[in-house]
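Inspection log for the structure reproduced underneath, given as structure tokens.
Readers should treat all values here as calculations from the given coordinates under stated rules, not as data from a laboratory. None of the values given here were measured: they were computed from a predicted structure. Neighbour counts run over all protein chains shown; Cβ positions are idealised from the backbone, glycine included.
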Amino acid sequence: MLIAARRLVDRLRHPRSRADELAGLGRRFAAAPSPEIAGAEAVALALEMRALRVELSAALAGATGCTRCSRGHPLPAGRWDGGHCCSGRTEQIFTEVEVAAISLAGTNFLRLAAPRSDHAGCAFRGPTGCSLDPADRANICVRYVCVDLERELRDDGRWSEVRRLRAALAKAFARFTSLQSADHDP
Ligand code: SF4
């Protein structure tokens, strides 16, 4: 019922394409495993990844490359100056495994606010960047570092800490993914 109400609000509030992507994401959240089904190890990994997303995002704060990387690109990436890596479709970013990880760590789809703007890429991408807290983003959102961003982080001395956190997040995500795959094996 609450999901249906959210879908209605999204239809009134957003361009049709964003509302459709949000509806698809809502279905994915509804299908995500409960903590009882996923098991204690998966829940512990989900919480570990949530903490790492926050820590890694703080370590990346203020990177200037992310504010201008889309400038001059064709649509949808070029709609706004930043966030080129956010210009993919929502369902390709929030895969089933990503949604399972976020959901098990406590994120509620109904509380994920999308920007009131044109839809250009991920449903949560807007003119000022991402509308989600790092804790609620997909792991790939925080872990992905393009060549230009890596260069900037090397130049300002942050790269080794960012690399350490990315490796920890990648390791936890790989283990989480293997648990999810095992759950789906016949
Ligand atoms: S959730 Fe945020 S960071 Fe991730 S792709 Fe969407 S706009 Fe970008």
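If you wrap the tightest convex hull around every Cα atom of the chain and split its volume per residue, you get 116 Å³. For the chain, the mean residue ellipticity at 222 nm estimated from helices alone is -17500 deg cm²/dmol, where every DSSP H run of n ≥ 4 contributes -39500 (n - 2.57) and the total is divided by all residues, rounded to the nearest 500. When the Cα gyration tensor is reduced to axis lengths a ≥ b ≥ c, the ratio a/c is 1.5 or higher for region 1-99, and with a/b not above b/c it is classed as oblate.
A simple count of charges around Val142, restricted to other residues whose Cβ falls under 15 Å of its Cβ and scoring Lys, Arg +1 and Asp, Glu -1, yields +3. For region 32-90, the alpha-carbon radius of gyration amounts to 1.62 times the rule-of-thumb value 2.2 N^0.38 Å expected for a compact globular protein.
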